[in-house]
Amino acid sequence: MLSRHKKIRSWSAYKKPWEGLFATYPGPLKNQISEQAITVVGSLAYSHCIQSGYFTTKDGSRLDTAVRVTDVLHKVKGKWRIVQEHVSSFRADGR
């Protein structure tokens, strides 16, 4: 799974744990975004949303997920870059 509280400083380092996740849960999968809000102030922005869905293992068993995602973005040379991300999981029933 994805490591917790680790500073990731490159795209290569960011996608490495995801590659392991997708190897463990090769599909099918579903990801649904809800309650999304984005606020922009100059060259900074923050967004938050709920992402829910499921992953499927090689043997067909399913892992249901629900997470809150918050991102802070900075616009550099006309492109938005995520500079901070926080993900917290919670039970699918909202508790």
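Only the coordinates and a few stated rules stand behind these numbers; no lab work does. Every value quoted in this text rests on a predicted model; they were computed, and no experiment measured them. Here Cβ is always computed from backbone atoms with ideal geometry, including for glycine, and neighbour counts include all displayed protein chains.
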| field | Nearby lysines by direct alpha-carbon distance to K30 (threshold 24 angstrom, same-chain neighbours under 8 apart not counted) | value | K15, K16, K58
| message | Can you pull out the trypsin sites (Lys or Arg not before Pro) in the stretch 1-92 whose DSSP state is coil and whose Cβ has at most 11 other Cβ atoms within 10 Å? | response | R4, K6, K7, R9, K58, K77, R91
| With Cβ to Cβ distances under 14 Å as the rule, what net charge do the other residues near G27 carry (K, R +1; D, E -1)? | +1
| message | Quick check: residue separation of V83 and F22 times 0.36 nm, minus the Cα distance between them. What number comes out in nm? | response | 19.6 nm
| query | Hey, if you put +1 on the Cβ of every Lys and Arg and -1 on every Asp and Glu Cβ in the stretch 27-89, which of Y54, H74, P28 ends up farthest toward the positive end of that dipole? | reply | H74
| request: Report the net charge of residues surrounding A45, where surrounding means a beta-carbon distance below 11 angstrom and charges are Lys +1, Arg +1, Asp -1, Glu -1. | output: +1
| request: Please work out the ratio of the alpha-carbon Rg of the stretch 27-89 to 2.2 N^0.38 Å and round it to two decimals. | output: 1.40
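For L73, what charge total do you get from the other residues with a beta carbon under 11 Å from its beta carbon, if Lys and Arg give +1 and Asp and Glu give -1?
On the way: positive: K75, K79, R81; negative: D71, E85.
Summing Lys and Arg as +1 and Asp and Glu as -1 gives +1.
Using the Cα centre as the reference, give the magnitude of the dipole from point charges on the C-beta atoms of the chain (Lys, Arg: +1; Asp, Glu: -1; all else neutral), rounded to the nearest 20 debye.
On the way: 16 positive and 7 negative charges, 91 e Å.
So the magnitude is around 440 debye.
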| remark: The extension gain from D59 to E35, computed as 0.36 nm times the residue separation minus the Cα-Cα distance, is 5.4 nm
| Please state the relative contact order of the chain as a whole percent: Cα pairs under 8 Å, 6+ residues apart? | 20 percent
